[in-house]
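All remarks here apply to the structure that follows.
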């Protein structure tokens, strides 16, 4: 989304120079533009190729994939690999992933929403320290904490448990969600609420009827982010969920086999595609916010 | 999506309801949920990690029920004298700096390229980058391992097509650590470039066309226009994406673990994350693992501080 807006303004800035100058320039730089376009297309192919290759291989049989010459287009391909991959172990992992993700996203949205109201609508002692803390916590790597998290979950009896993993996911995702929602809450002027209160609504009513509906898009966007982070998470799940695998751990099982035995790459790619495609769809929807959330301040300044 | 929000007149922060009269408990109640879950999921582990890094907490204490003894700085002294740990640390830092630098340079160059090509080409490139960015790490790693597969991988096939090149069935990830980390670097650059390119492109659109035109009329060459007109605008964006990439590339646990799954597993192929995992979780030495984790946390917090400060600047101004 940001990219689209940005594109429009780029268009504008480039079209500002006087027409005479721009045509002259365009004629002179024609070969350069062609060369650069060719380079851009080559780069586009390089970046899209692995994603394409995943989809392509997922539709080819093991016999085709074993041939000395790779098959670059899935002509005569089938969805058999997908059928073979949808085993009970997949559905178990899917169930775990769905449960963890839904629980984490729901709890995270509620907590983050309340906290974002607090830091953007109230001035209170400790507000800035709270903001600094959440921003710093957001950067803490799971790689530096997993021993402690493992020990804590084993003491609580929550190893390989959906609730245990969800607690850690909420803690990991809530900081960024607060930060992102804060941007939306600041965007809704407090005057709107005050006006409604002058018209006789209570503070709570004004909030529920005026502010909340305006924040709905922000909640959806932040929710999708939280979803993506929990759905893709690998490190914490690896440490905590020994006997109750999530989808990324299930997918890892195929990679581990590839080291020791000849495996059917078509099936592995089908498995990857099943994990990746829903994520790609969601991601494309909310991508603009990701960039602006992480570098907000820098771009504006 | 946000047009409704954005199109409304946005009030300055001064428009917030003032609550000066009495101590108001509402904000504290509002942050309670987030604070509790952060204390439980992050705060407690950090404290436990610090305490444990001062204890002897090995297999005997974990399995034999022996209470861990305080040994103060013994764990830290032990890791300082641990040659493998230093080798892994140096490797991690070099890997992180090189990968982050390449990512930022490639990303910024791609953003510049986007401003030079027709809209259709730019759109195609942006879609391709978006696809790569959206790939879950685990799925991306699986595909790349397949691409680098020694027998039927496309990489070997394409290299063999080049006249005069014959790599046969070369094993890219299992031959030497240098090649292993080159492959890991290529994959991580591929994953990280889209974010940098989109951020830098958003920054470049803020560069005024008039100023560029004027500088060109005044005889500034392409490099001078970049250095004196575009770069000052891009600088804050580059600083932040470089910082984020440094922090992210220090924690490439998932990528390295998965590459090791498909190839060699010795400590020569470890970075900090996987080495801590092997020492602490798989090797049953919580004390040493915790001390190393504190080391990683300290580096991360030192790096993050600059990032957080730049975000806070906006908040308090």
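Here are a few things to note about the model shown:
- 5 Å binning of all Cα-Cα separations within segment B:117-185, expressed as whole percents from 0 upward: 3, 15, 16, 19, 16, 14, 11, 4, 1
- Build a GNM of chain A with springs between Cα atoms under 10 Å apart, and of A:212, A:36, A:94 the one that fluctuates most is A:36.
- Gain upon complete extension [residue A:106, residue A:219; 0.36 nm per residue less C-alpha separation]: 39.6 nm
- Value of Rg to Rh for segment B:91-263 (Rh from inverse mean 1/r over Cα pairs, i.e. Kirkwood): 1.05
- With the simple spin-label model, which puts each label point 7 Å out from Cα in the Cβ direction, the residue A:52 to residue B:284 separation comes to 5.2 nm.
- Along principal axes, Cα extents of segment A:83-295, largest first, whole Å: 72, 37, 30
- Percent of alpha-carbon pairs separated by more than 23 Å within chain B: 71 percent
- Once the Cβ-Cβ distance of residue B:151 and residue A:285 is raised to the sixth power relative to R0 = 51 Å, the FRET efficiency obtained is 0.85.
- Using a simple spin-label model with pseudo-atoms 7 Å out from Cα toward Cβ, residue A:35 and residue A:205 lie 7.0 nm apart.
- Stretch gain in nm, segment residue B:101-residue B:224, where the contour uses 0.36 nm per residue and the Cα spacing is subtracted: 42.1 nm
- Rg of the Cα atoms in segment B:159-237, relative to 2.2 N^0.38 Å, amounts to 1.77.
- Annotation: the residues B:74, B:69, B:218, B:149, sorted from fewest to most other C-beta atoms within 10 Å of their own C-beta, follow the order B:218, B:69, B:74, B:149.
- Note that the protein assembly as shown shows a convex hull volume over its alpha carbon atoms of 189 Å³ per residue.
- Residues A:250, A:53, arranged from fewest to most other Cβ atoms within 10 angstrom of their Cβ, appear as A:53, A:250.
- Interatomic Cα distance distribution for segment A:36-181, bins of 10 angstrom, percent: 9, 21, 21, 22, 19, 6, 1
Taken together, the values in this text are just the output of simple stated rules run on the coordinates, not laboratory data. On a predicted model such as this, the values are computed, not experimentally measured, just so you know. Methodologically, a virtual Cβ is constructed for each residue, glycine included, from the backbone with ideal geometry; neighbour enumeration extends over all protein chains shown.
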